[in-house]
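Q: Structure provided below as structure tokens; questions to follow.
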Amino acid sequence: MKLNLYNTLTAQKDEFKPEPDKKVRMYVCGPTVYERPHIGNARAVVVYDLLFRILREIYGENSVTYVRNITDVDDKINKAAIENKESIQSLTTRITGLFHSDMAALNNLPPTHEPRATEYISQIIELIEKIIANGHAYVAEGHVLYDINSTSKIADYSYGMLSGKKLEDLIAGARIEVEKYKRNAGDFVLWKPADKDDDASSVFDSPWGKGRPGWHIECSAMSSSLLGDDFDIHGGGADLKFPHHENEIAQSKAANHKCHYAKFWVHNGFVTVNGEKMSKSLGNFTTVSDLLNKGVKGEVIRLALLMTHYRKPLDFNEKLLEDAEKSLDRFYRALEEYQKILGLEERVSDDDTGDMRESRATVQNVISRNYSDFLKSIYDDMNVSTPISMLYSFCSLIPRAKNYTQQDSYERDLQDWKDKFDKMRNLLGIVQQKPEDWFAVKKSKVDVNFIEAQIKARTEAKKNKDYQLADKIRLELEAMGITLKDTKDGTIWE
């Protein structure tokens, strides 16, 4: 089954084909560690974790190299360290640790490599020297600037090929305005000289004096060091497409004219709040830790971030979290039902009647079809909405499986269901707990007296033949994650 991804470079969905006999290589722009990650930051991590899982499923766990960097040198970091009265090293180490714990809570796998910019200063300097030697950069009073007009010297390349922007649209959005030093308005910083008040830990020696790297050059240096000059996939948020990713291509090709850099460029959409982009600068953000501390489960946040296609804007709200939790309750209930079926001592005998054969054939067909549709959809540019609906249908098979055979056919079908369910949930990175643990947390939060009162009210409604009210009560309890079961001895809940 082939994998199709929307490639920003070609502005269409293309079939992904890695180079033969080579590992799949993916680079994703990681966090600048000056503050805890908000939901917008988390969406990018979850999206590329999903892609990482898909690639591992197709090509094998040991055949995919995933690099996600840590930017630990930046003006924002310096400012935050001063405001917190904390050393830069202490701040970046602390925030990196919080980033890891928050992302682990969302069931994200660790990348293969997680380089820090400060660990690659020598490689950054070496790359800048190549760019200067090739005539694409110049030194101006301690700054090293990329000469944007020099891109015309690079064969088969024009600046703006990724974003569609023109040269005059380039904003010197690295870290400093250096207009008086520039040859051209669009030139951007490769190396920035140190300020007199800079913390010593954020300043590095270079052939051009003490300073620190520009933002764009970090990713070019780290990706080429760990993946080579050419690799398969480069990912990041849509806001990085220009100027960051555009400048990455320009400087990488300037260092090596034969370099193609990334073959596929994948960009995830923004997270919005009331239609406005969630960002720290606007102050309209919610951090992952805010939600976790309120009792929202990491898996709920993860599924909420996956329920909208990754390229579309995602408006984050309470309803989204509620829908995600209801879906997870259903998936965990199916897994719980599977475990209960395994413990059944009495099942319908395998008499091989026509009805039995038809029932089994139907279940087998749905298992096979749903799993195939699940993969086909998720391999089509990471479309997750259809796979989630496939999981709903998949979960409905478990109660039906109780109705036939105690013998080998039953065990085979049940195991087939479990094997495919495991692959589906693991690809999405959800349903990673035991059902009893998942529901134990929910039960600990419920008001038992309220539930018992609702059950009593529902029983009275049924006696009075007010079935509309009875259904309303049941549905309201289900929305809280409470399932009612009517038995000969009365109604029980779980």
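Any read-out appearing in this document is the output of simple, stated calculations on the displayed coordinates, not a laboratory observation. Everything numeric in this text was worked out from a predicted model, so none of it was measured. Don't worry about glycine lacking a Cβ; one is built from the backbone with ideal geometry, like all the others, and counts go over all protein chains shown.
Q: Run the helix sum for the chain: -39,500 (n - 2.57) per DSSP H stretch of 4+ residues, divided by residue count, reported at 222 nm to the nearest 500 deg cm²/dmol.
A: On the way: 16 runs with 227 residues, N = 494.
Counting only the DSSP helices, I get -15000 deg cm²/dmol.
Q: For helix 467-479, what angle does its Cα long axis make with the longest principal axis of the chain, in degrees from 0 to 90 and rounded to 10?
A: 40
Q: What shape does the stretch 1-140 have by the C-alpha gyration tensor, where a ≥ b ≥ c are the square roots of the eigenvalues, rounded means a/c under 1.5, and otherwise prolate means a/b greater than b/c and oblate the rest?
A: Cα axes put the stretch 1-140 in the oblate bin.
Q: Next question, about the same structure. Please give the net charge around ALA238, taking every other residue with its beta carbon less than 11 angstrom from that of ALA238, where Lys and Arg add +1 and Asp and Glu add -1. Working shown, then result.
A: Values: positive: ARG43, LYS241, LYS277, ARG311, LYS312; negative: ASP239.
Every neighbour counted, the sum reads +4.
Q: Okay, moving on. Distance between the C-alpha centers of the stretch 451-485 and the stretch 277-294? Whole Å please.
A: 37
Q: Grab the Cα-Cα distance for ASP156 and LYS17, subtract it from 0.36 nm times how many residues apart they are, and report the gain in nm with one decimal. Please list the in-between numbers first.
A: Working: separation 139, 0.36 × 139 = 50.04 nm, distance 2.20 nm.
Separation in residues times 0.36 nm, less the Cα-Cα distance, equals 47.8 nm.
Q: Now a separate question. Quick one: 3J(HN,Hα) in Hz for the stretch 487-494, Karplus 6.51/-1.76/1.60 with θ = phi - 60°, rounded, Gly and Pro as x.
A: 10, 5, 9, x, 9, 10, 9, 8
Q: Along the charge dipole of the stretch 446-493, Cβ charges K/R +1 and D/E -1, which of TRP493, GLN454, ASN464 sits furthest on the positive end?
A: ASN464
Q: Hey, got the dipole for the chain? About the Cα centre, +1 on K and R Cβ, -1 on D and E Cβ, debye to the nearest 20?
A: Values: 69 positive and 77 negative charges, 111 e Å.
Here the size comes out at about 540 debye.
Q: Multiplying the sequence separation of ASN293 and ASN365 by 0.36 nm and subtracting their Cα-Cα distance, what value in nm do you get? It would help to have the intermediate numbers written out before the result.
A: On the way: separation 72, 0.36 × 72 = 25.92 nm, distance 4.34 nm.
My answer for the length gained is 21.6 nm.
Q: Evaluate the stretch 4-315: find the radius of gyration of its Cα atoms, find its Kirkwood radius, and give the ratio Rg to Rh.
A: On the way: Rg = 19.2 Å, Rh = 20.2 Å.
Here Rg/Rh amounts to 0.95.
Q: Shifting gears a bit: Charges on Cβ only, +1 for Lys and Arg, -1 for Asp and Glu, centred on the Cα centroid of the chain; of GLY160, LEU427, SER63, which one is farthest towards the dipole's positive end?
A: GLY160
Q: Among SER368, LEU475, THR93, which residue has its Cα furthest toward the positive end of the charge dipole of the chain, with +1 on Lys/Arg Cβ and -1 on Asp/Glu Cβ?
A: Going by the Cα projections, it comes out as LEU475.
Q: Turning to a different aspect of this structure: Near the amide H of GLY237, under 5 Å away, which other amide H atoms are found, from residues 5 or more places off or on another chain, if H is placed in the peptide plane?
A: Correct list: ASN268.
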